[in-house]
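Worksheet: one structure, shown below.
The values are calculated or read from the model by the stated rules, or taken from the named source; none is laboratory data. These numbers were taken from a predicted model, which means no experiment stands behind them. Here the Cβ positions follow ideal geometry from the backbone for every residue, glycine too, while neighbour counts run over all protein chains shown.
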Amino acid sequence: MNLLATALVIGLGALAAGIGNGLIVYGTLQGQARQPELKNELRQTMFIGIGLVEALPIIGVAVGFLLLNS
């Protein structure tokens, strides 16, 4: 049962992060197409957002290992 819970935590975290990253990049590209002069500011905000989104799967892996070893 712990193996299934670990797989779900890690898999769903990775899936959600992939969708979130896609939406962030999509929004950034839309903003760059509308206002090319804000390209650098949008890119900086995009990298911060992607970093925040990627933190969740990393936490999910840690929780998964805790579930696996309990």
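Figure legend. Inter-residue proximity from segment 23-35: first residues in contact (Cβ under 8 Å) with a residue 12 or more places away in the chain and under 15 Å from GLY51 (Cβ atoms), second residues part of a helix (DSSP H, G or I) and among the small types (Gly, Ala, Ser), beta-carbon distance below 7 Å, spacing 6+ or different chains. Indicated pairs: ILE24/GLY49.
From the list LEU68, LEU42, the one residue that fits, being out of contact with any Lys or Arg (no Cβ under 6 Å at 6 or more places or on another chain), of a type in the set (A, V, I, L, M, F, W, C), at pLDDT below 90 and closer than 21 Å to ALA17 by Cβ, is LEU68.
If you go through segment 25-44 and pick out every residue that is out of contact with any Ser or Thr (no Cβ under 9 Å at 6 or more places or on another chain), among the hydrophobic types (A, V, I, L, M, F, W, C) and surrounded by 12 or more Cβ atoms within 10 Å (Cβ to Cβ), you end up with 3.
When segment 18-60 is filtered for residues that are hydrophobic (A, V, I, L, M, F, W, C) and out of contact with any helix residue (DSSP H, G or I) (no Cβ under 8 Å at 6 or more places or on another chain), the ones remaining, listed by number, are ILE19, LEU23, LEU29, ALA33, PHE47, ILE48, LEU52, ALA55, ILE58.
Of the residues ILE48, ILE10, ILE59, the single one that is surrounded by 14 or more Cβ atoms within 10 Å (Cβ to Cβ) and part of a helix (DSSP H, G or I) is ILE10.
Conditions: (1) assigned to a helix (DSSP H, G or I); (2) among the hydroxyl-bearing types (Ser, Thr, Tyr); (3) out of contact with any Gly (no Cβ under 8 Å at 6 or more places or on another chain). SER70 meets all but one. Number of the miss? Here SER70 meets the rest and fails (1).
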